[in-house]
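Everything on this sheet refers to the single structure shown next.
The values are calculated or read from the model by the stated rules, or taken from the named source; none is laboratory data. Worth saying up front: this structure is predicted, and the values here are computed from it rather than measured. Note that each Cβ is placed from the backbone with ideal geometry, even for glycine, and that neighbours are counted across all protein chains shown.
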Amino acid sequence: MTNTSDGGTTLTLHDAAKLLAGGGISTHDAEVLLANAIQQCELHANVKRWATEQWDGPLLPGNINPRETHIERSDLDAWRSGR
């Protein structure tokens with residue numbers, strides 16, 4: 001899901017992970033990488049967390065929901081360039 005209503009581009013964590021995937025890194029591994037960056041306050045995101053009993057797939061750190069957590073594309077790009 002991409003949202004461009006405010007002039008910026010907002011990606012779900014899952015969509016952002018798909019951009020990072022490839023070259024030996026799976027989408028889930030990229031989701032974990034992004035979730036860890038969010039948990040460590042290295043990447044700004046609008047986070048939605050799931051209760052453990054609600055989880056519908058492989059767990060992410062902090063029970064972050066990859067389909068309802070949103071990251072600004074500019075924040076993702078800044079994080080990537082700082083790595």
Task: Cross-chain or 6+ apart pairs with Cβ under 7 Å, segment 22-37 first and modelled with pLDDT of 95 or more and of a type outside the set (A, V, I, L, M, F, W, C), then surrounded by fewer than 16 Cβ atoms within 10 Å (Cβ to Cβ) and part of a helix (DSSP H, G or I) - done: THR27/LYS18; ASN36/PRO61
- [ ] Return the residue satisfying two criteria in turn: it lies in segment 12-33 and is among the hydrophobic types (A, V, I, L, M, F, W, C) and assigned to a helix (DSSP H, G or I), and of such residues it is surrounded by the fewest Cβ atoms within 10 Å (Cβ to Cβ).
- [x] LEU19
Open item on the list: I'm told PRO58 meets every condition in (1) part of a loop (DSSP other than H, G, I, E, B); (2) within 22 Å of SER81 (Cβ to Cβ); (3) in contact with a helix residue (DSSP H, G or I) (Cβ under 6 Å, 6 or more places away or on another chain); (4) not small (Gly, Ala, Ser) except one. Can you identify the failing condition by its number?
Closed with: (2)
TODO: State whether the residues of segment 58-70 include one that is touching a Pro at 6+ places or on another chain (Cβ under 9 Å), without any contact (Cβ under 8 Å) to a residue 40 or more places away in the chain and among the small types (Gly, Ala, Ser).
DONE: no
Open item on the list: Please go through segment 38-83 and give me each residue that is touching a strand residue (DSSP E or B) at 6+ places or on another chain (Cβ under 9 Å), β-branched (Val, Ile, Thr) and modelled with pLDDT under 95, ordered by number.
Closed with: ILE64
